[in-house]
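**Q** Starting off with a structure, shown below.
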Amino acid sequence: MTVVDVRDHDAPTVATGAPAVVERIRPRALRPLDVGLFAGSVVAGGALAWLVFFRLTPMGGGLGFVLGWWVASLFVYRTVVHRHLGRQAATDRVMAVVVGSAAVGLFVPLVLILFFVLQKGITALNWGFFTETLEFTGPLSPADEGGALHAIVGTLQQVGIAVVCSVPLGIMTAVYLNEVRGRLRRPLRAVVEAMSGVPSIVAGLFVYAMIVANSGSIPVIGTVVSWLPFSGRFSGVAAGLALSVLMLPTVTRTAEEMLRLVPGGLREASLALGAPEWRTALRVVLPTARIGLVTAVILGVARAIGETAPLLLTAFGSASLETNPLEEQSSLPLFVYQQIRSPEQAQIDRAWTGALVLILMVLILFSLARFFGARSKVARR
Amino acid sequence: MAVSESAIPVRDEVVPEQPSREPATLVASNVSAWFGDRKVLESVGLEMPARTVTALIGPSGCGKSTFIRILNRMHELVPGASLAGSVTLNGIDIYGDELPPTETRLRIGMVFQKPNPFPAMTIAENVLAGLKLSGIKVRDRDALVEECLTKAGLWNEVKDRLKASGGSLSGGQQQRLVIARALAVRPQVLLMDEPCSALDPTSTRRIEETISELQEEVTIVIVTHNMQQAARVSQQCAFFLAAENEPGRIVEAGPTEQIFEAPRDSRTADYVHGRFG
Ligand SMILES: Nc1ncnc2c1ncn2[C@@H]1O[C@H](COP(=O)(O)OP(=O)(O)O)[C@@H](O)[C@H]1O
Ligand SMILES: [Mg+2]
C-alpha cells in the first residue's frame with residue numbers, strides 16, 4: 001500500500017501510478033482447445049467404433065464395442081494432437097489418457113459393487129435394523145421386521161478381539177524384523193509369508209480343533225487350553241482368534257514395509273544422541289511410521305472383517321443379541337450368509353441390507369482410522 | 001533413571017542454569033577400521049584437545065567419516081564393521097567396560113551431513129529429544145529449549161513456532177535445529193561430519209559462527225571439504241589420504257596455520273591448494 005502512495009506522489013498520473021492488472025499465465029491450465037480436442041476425439045472414436053462394430057462387421061455391441069471405442073478414440077486423439085502440438089505432446093497426452101482410464105477403470109467395479117449393494121440393500125434398511133435382532137423373527141416375517149443388532153455387535157467384538165491380539169503382536173514382529181534384526185529374522189519372515197497363505201477355512205479349523213472342540217485330549221496344550229474360560233465351545237473369542245490368525249501376516253508384512261520406509265538417518269540420529277535401541281524404535285521409528293502403521297491395521301481389518309468361513313466353525317451364529325463374547329455369537333457375514341440361503345424374499349432382502357451395513361461399517365472404520373492416524377500434535381507443513 | 005550403578009556418575013537431571021560439563025580431550029591411537037574384510041583406515045592417531053576445533057580434511061573415500069564415527073561408537077552399527085586401536089575421552093577408554101555405548105554417545109554428540117530432525121516431533125520436542133530418548137529428566141524445559149536454540153543461532157527464527165514440525169524448516173535451519181538438539185544433552189565433544197555441505201552460504205556462515213561460539217564449552221571435531229571453512233573455524237587440522245586400493249591414513253596433522261601455510265608433506269600442500277581431491 002505504502003509503495004503505491006509514494007509512487008502516486010512522485011509519478012505523474014500516467015499508467016505507471018496505477019497498479020497494472022497483470023494477466024497471469026497458467027501454462028498447465030486446461031484450455032478450451034484441449035477440451036475440444038479430447039471431446040472431439042471421443043466422439044469421432046465412438047463414431048468409428050460404431051461403424052466398425054455395427055455396420056461393417058456383424059460383431060455387435062457390448063464390451064467389445066466399448067473397448068473398440070476406447071482404442072479408436074485414443075488413435076484419433078493421438079493423430080489430432082500430433083497435428084496441432086507435435087509428436088512429444090501427442091505421446092504425452094496419450095499416456096496421460098491411458099493412465100487416467102486405468103484409474104477410472106479401477107473405479108468402475110468399485111462403484112458398481114457399491115451401487116448394486118446399495119440398491120438391493122436399501123429396501124430393508126430402516127432404523128429397526130440397527131436396534132432389533134432376529135430373536136422373534138420367523139422365516140415368514142416381513143423384511144422390515146427384525147434386525148441385525150446382534151450381528152453388528154458380534155462383528156465389532158470379534159474384529160475388536162482380533163485387532164487387540166494381532167496389532168501389537170504384528171507391530172512387535174515388524175520391529176523385530178526391521179529394527180532388532182535378530183538371528184530369527186529369515187525363518188520368521190518365511191513363517192509370516194507362509195501364514196499369509198493360510199486359507200481362512202484352515203484358520204477356522206485350527207481354532208475349532210484347538211479351542212472349540214478341545215476335550216483335553218491333546219497332551220499339555222489341550223490341558224492348558226482347557227483352563228481358558230472359552231475352551232470347549234463356540235464363542236466370539238474363538239472367532240476373534242481365528243480372525244487374528246488371518247490378520248497377523250497382513251499387519252506384520254505391511255508394518256514391516258512401513259518401518260522400512262523410515263529413513264536410516266533418523267535411527268542414526270537417535271542412536272547418536274545416546275538413545276538405546278529400544279527407545280529409538282519406540283520413540284522415533286514407530287511415531288515416524290505412524291500413518292503407515294494405521295494403514296497396516298486398516299489392511300488387517302479389511303482382511304478379517306468380511307470373513308465368513310472361519311466364523312461358522314468358531315462363533316457359530318445366533319439369532320439373539322449376545323454381548324458376552326464368551327458365548328455363541330452372530331456376525332454380519334454370518335448373518336448375510338444365513339439369510340441369503342433362504343428362499344423367502346424378506347430374508348434375502350435382509351441379507352442385502354446386512355451386506356450394505358457391513359460395507360458402511362468398513363467405510364466408517366477406515367475413515368476414522370485415517371482421520372486419527374493423520375492427526376497429530378505436529379502441524380503439517 | 002538408566003544406569004545409576006555405573007562407575008561414571010550419570011546426570012539424572014539437567015538443569016539449564018547448571019554450567020555445562022567441561023569439554024574433554026579425545027585421543028585416538030592406532031585406530032584401524034574394516035568393512036568386512038576391506039581395511040579402510042590404518043593406524044590413525046590423533047589428539048583432539050579440549051577447547052579446540054579440529055578439522056579433518058582429505059579427498060572423499062579416505063576414511064574421514066569412518067574415523068569420526070569410530071569416535072562415538074557409531075561405526076560398529078554398520079553390519080560387518082570392525083576396528084582396532086583405542087579412543088579415550090579424558091583418559092577413559094570409550095571402548096572399555098567403563099562407559100556403555102549409550103553413555104559414550106551422550107557425551108560425544110554427532111551432527112550428520114544430511115539434516116535429520118525427527119519429523120514426528122515439533123521443533124521444541126526435537127531439541128529435547130536427546131533427553132527424552134536417554135531418559136534424562138529436565139526441570140525447566142522451556143529455558144533449555146531457548147538456550148540451545150540460541151546457541152545454535154536459530155532462536156529468533158523459530159521462537160514463534162516452536163510447535164511446528166521440525167520438517168517445516170529450511171535445510172539450513174534444520175541443521176541448526178539438529179545442532180541445538182545435540183547441545184541439549186550437554187555433550188563434552190561434538191562431532192560434525194560435513195555439516196554444511198548440503199547448505200547455502202548464509203546457513204553455512206551461521207553454523208561457522210555457532211562453531212566458534214561453542215568452542216569454549218565443547219570440543220569440536222569437524223569433517224569438511226571446504227578448505228576456507230577449515231581455515232576459518234579450526235585451530236588444528238588433520239589431513240587424511242588413501243592411496244589407491246589402500247586404507248586411509250593421516251598424512252599430516254598439526255596447527256591449522258602450519259597445514260595451510262607451511263605443510264611438511266608435498267601431498268598436503270597439493271591438496272590444500274586445490275591441486276587434487
Ligand atoms: N557402510 C559401508 N560399507 C562398506 N564400505 C564402506 C561403508 N562406508 C564407507 N565405506 C568405504 O570406506 C571407505 C571410507 O569411506 P568414508 O569414511 O565414508 O570416507 P570419507 O568420509 O572420507 O569420504 C570408502 O572407500 C568407502 O567406500
Ligand atoms: Mg564422508
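The values are calculated or read from the model by the stated rules, or taken from the named source; none is laboratory data. Quick caveat: nothing in here was measured; it's all calculated off a predicted structure. Every residue, glycine as well, gets a Cβ built from its backbone with ideal geometry; the counts of neighbours run over all protein chains shown. For accessibility, only protein heavy atoms count, side chains too; no ligands or nucleic acids. Shrake-Rupley method; radii C 1.70, N 1.55, O 1.52, S 1.80 Å.
**Q** Pop out the Kirkwood hydrodynamic radius of region A:129-380 from its pairwise C-alpha distances, inverse of mean 1/r, in Å to one decimal.
**A** 19.8 Å
**Q** Calculate one ³J(HN,Hα) per residue across region B:230-246 by plugging θ = phi - 60° into the Karplus curve 6.51 cos²θ - 1.76 cosθ + 1.60, and present them in order as whole Hz with x for glycine and proline.
**A** Per residue, the Karplus-derived 3J(HN,Hα) values read 4, 5, 5, 9, 9, 9, 10, 9, 10, 9, 9, 8, 10, 6, 4, 6, 10 Hz.
**Q** For region B:135-191, rounded, prolate or oblate, judged on the Cα gyration tensor with a ≥ b ≥ c (square roots of eigenvalues), a/c < 1.5 rounded, else prolate if a/b > b/c?
**A** oblate
**Q** In whole Hz, what ³J(HN,Hα) sequence does region A:49-58 give by Karplus (6.51, -1.76, 1.60; θ = phi - 60°), x for Gly and Pro?
**A** 4, 4, 4, 5, 7, 10, 9, 7, 10, x
**Q** Same structure, new question: Decide, for the protein assembly as shown, between rounded, prolate and oblate: order the square roots of the alpha carbon gyration tensor eigenvalues as a ≥ b ≥ c, take rounded if a/c falls under 1.5, and otherwise choose prolate if a/b is larger than b/c, else oblate.
**A** oblate
**Q** So which chymotrypsin sites (Phe, Trp or Tyr not before Pro) in region A:173-235 pass both tests, a DSSP loop state and at most 15 other Cβ atoms within 10 Å of the Cβ?
**A** A:Trp227
**Q** To the nearest 10 square angstrom, what accessible area does B:Asp270 show with a 1.4 Å probe?
**A** Here the residue's solvent-accessible area equals roughly 50 Å².
**Q** A:Phe107 to A:Ser215: FRET efficiency via 1/(1 + (r/R0)^6), r the Cβ-Cβ distance, R0 35 Å, to the nearest 0.05?
**A** Step by step, r from the Cβ atoms, then E = 0.10.
**Q** So what J values fall out for region B:183-190 if you push phi through Karplus, 6.51 cos²θ - 1.76 cosθ + 1.60 with θ = phi - 60°, rounded to Hz, Gly and Pro as x?
**A** Karplus values, whole Hz, x for Gly and Pro: 6, 5, 8, 6, x, 8, 10, 10.
**Q** Here's something else I'd like to know. Apply 1/(1 + (r/R0)^6) to the Cβ-Cβ distance of A:Val98 and A:Thr57, taking R0 = 22 Å, and write down the FRET efficiency to the nearest 0.05.
**A** 0.30
**Q** Anyone know which of A:Ser235, A:Ser217, A:Ser226 comes out most mobile in the 10 Å Cα GNM of chain A?
**A** Looking only at A:Ser235, A:Ser217, A:Ser226, the largest GNM fluctuation is found for A:Ser217.
**Q** Over chain B, what percent of the accessible surface lies on carbon and sulfur atoms, probe 1.4 Å?
**A** 48 percent
**Q** Continuing with the same structure: In terms of the Cα gyration tensor, with a ≥ b ≥ c the square roots of its eigenvalues, is region B:84-191 rounded because a/c is under 1.5, prolate because a/b exceeds b/c, or oblate?
**A** prolate
**Q** When ranked by the protection proxy of mean other Cβ atoms within 10 Å per residue, highest first, what sequence do the peptides B:229-241, A:186-198 form?
**A** Answer by packing, highest mean first, reads B:229-241, A:186-198.
**Q** Gaussian network model of chain B, Cα springs within a sub-10 Å range: biggest mean-square fluctuation belongs to which of B:Ala164, B:Ala243, B:Ala198?
**A** Highest fluctuation of the listed residues: B:Ala243.
**Q** Would you list B:Glu47, A:Glu327 from the most to the least accessible area, probe 1.4 Å?
**A** B:Glu47, A:Glu327
**Q** Can you list residues from other chains, or at least 5 along the same chain, whose modelled amide H is less than 5 Å from the amide H of B:Val31?
**A** Distant-sequence amide H within range of B:Val31: B:Val44, B:Gly45, B:Ser86.
**Q** In the neighborhood of B:Val27, defined by Cβ-to-Cβ distances under 12 Å, what is the net charge if each Lys or Arg adds +1 and each Asp or Glu adds -1?
**A** With Lys, Arg at +1 and Asp, Glu at -1, the neighbours total -2.
**Q** Could you put A:Leu112, A:Leu74, A:Leu246, A:Leu33 in order of accessible surface area, largest first, with the 1.4 Å probe and the full protein assembly present?
**A** I get A:Leu112, A:Leu33, A:Leu74, A:Leu246, largest accessible area first.
**Q** Which residue, A:Gly170, A:Gly264, A:Gly46, has the most motion in a Gaussian network model of chain A that connects Cα atoms within less than 10 Å?
**A** Answer for the Gaussian network model of chain A: A:Gly46.
**Q** Cα convex hull of chain B: how many Å³ per residue?
**A** Dividing the Cα hull volume of chain B by its residues yields 124 Å³.
**Q** Report the number of Lys pairs in region B:26-272 whose alpha-carbons are under 17 Å apart, with separation of 8 or more residues or on distinct chains.
**A** The number of close lysine pairs in region B:26-272 is 4.
**Q** Given a cut-off of under 8 Å on Cα pairs at least six residues apart, what relative contact order in percent is computed for chain A?
**A** 19 percent
**Q** Sticking with this structure for a sec: Would you please give the residues with an amide H less than 5 Å from that of B:Val111, counting only those at least 5 places away or on a separate chain, with H modeled from the backbone geometry?
**A** Here B:Leu191, B:Met192, B:Asp193 satisfy the definition.
**Q** For region B:26-272, what relative contact order do you get, as a whole percent, if you take Cα pairs closer than 8 Å and at least 6 residues apart?
**A** Computed value for region B:26-272: 27 percent relative contact order.
**Q** Which semi-axis lengths, in whole Å and largest first, follow from the square roots of five times the eigenvalues of the Cα gyration tensor of region B:164-261?
**A** So the equivalent ellipsoid measures 26, 16, 14 Å along its semi-axes.
**Q** State, to one decimal in nm², a quarter of the convex hull surface area for the C-alpha atoms of region A:211-313, i.e. the direction-averaged projected area.
**A** 8.8 nm²
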